[in-house]
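Taken together, the values in this text are just the output of simple stated rules run on the coordinates, not laboratory data. Fair warning: this is a prediction, and the values are worked out from it, not measured in the lab. When we count neighbours, we look across all protein chains shown, and the Cβ atoms used for this are built from the backbone with ideal geometry, even at glycine.
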Amino acid sequence: MNMTSIPAGPSPSSTPPDQTGIEAALEAVKDGAASSERQLAIAAAAPTAKGESARTWTEVKPQRKSVIPEGLWLRCPGCEQMIYRKQMEANAHVCPECGHHFRISAAERVRQLTDPGSFEPLFTGLSPTDPLKFRDLKPYPDRILAEQLRTGATEAVKAGTGFIKGRAVLVCCMDLTFMMGSMGSVVGEAITRSIEMATERELALVIVSCSGGARMQEAGLSLMQMAKTSAALARHDDAGGLYISVLTDPTTGGVTASFAMLGDVIFAEPRALIGFAGPRVIQQTIRQELPEGFQRSEYLLKGGMVDRVVPRHELRNEIARVIDFSGR
Ligand SMILES: [Zn+2]
């Protein structure tokens, strides 16, 4: 915009034609122009002073820096409230507002369940092979390696000996963070060996299940684990051994169809999804509306599939109590 066209007081001719807008405005002030004329000159000068293209408000507004670090708060899926992550974690990964049980890793489960420092891992050298040369989006060995690097675990189960409130146990915790806790040949083998060791050493056996079911990449080999673990449990039972099964969210597929449902005592965490096939598949098959709370712990308790729904805080107490009752 050419500012020279704006009348600037009594001596407009004094403004050179190449002067910028600001200078023109200052000139107008110096010359003692009428206030209305001065304001007009200043207002007209403003955009030219910033540059030819006027900026938008969002460009001008300073970017607000987030003072809250990522992940400090999270929304609880149970009550939809914003909860403080550290408070939830200190509360055994249970929502302090509504008691929603968050899913936890095997390492966290072992830490919560066993007496501090008592857990000694077993069968850590087992690693899956790929006899079927299976390939989905990527080869199975690549998938395994990626999961191992990501999680730092070799497979989807942590087994070992330890103490729960001073009672010696053999404990297996499935790991949902490793390929959805799916049961391949290594998971099956580690669980079978744990059962056999519990039988041999006359230890109480505790298996905490959480799994998406059999591992598709191992096809028939993963299905065989159902028979293998069940047979080992039958021998454990014949020998008078105690087996406490703890079902957590979610326990599905081949795991539900084998060792998870074979406990002498079966505990389940509140609101855990427990089933063989998913509810959608069942609904499509039977073409009927499924009841409220279908496949949840409380529903299974009513039907007699689960012996007791135990909140996470009480799990150690309840397991210790059952071991005492069994006289082991
Ligand atoms: Zn909640």
So how much slack lies between residue 224 and residue 239, counting 0.36 nm per residue of separation and subtracting their Cα-Cα distance, in nm?
3.1 nm
Treat the count of other C-beta atoms within 10 Å as a stand-in for reagent exposure and order 174, 261, 179 from fewest to most.
261, 179, 174
Could you calculate the FRET efficiency of residue 201 with residue 325 from 1/(1 + (r/R0)^6), where r is the beta carbon distance between them and R0 is 30 Å, rounded to 0.05?
0.90
Quick one: of 86/165; 165/228; 86/158, which pairs are farther than 28 Å apart, Cα to Cα?
165/228
GluC sites (Glu not before Pro) within the range 254-328: DSSP coil, no more than 10 neighbouring Cβ in 10 Å
289, 292
Approximate spin-label separation residue 91-residue 271, in nm, with each point projected 7 Å along Cα-to-Cβ:
1.1 nm
Could you tell me which GluC sites (Glu not before Pro) in the range 142-240 are loop residues by DSSP with no more than 15 other beta carbons within 10 angstrom of their beta carbon?
202
Per the rule of 0.36 nm per residue minus the C-alpha distance, extending residue 137 to residue 294 adds in nm 53.2 nm
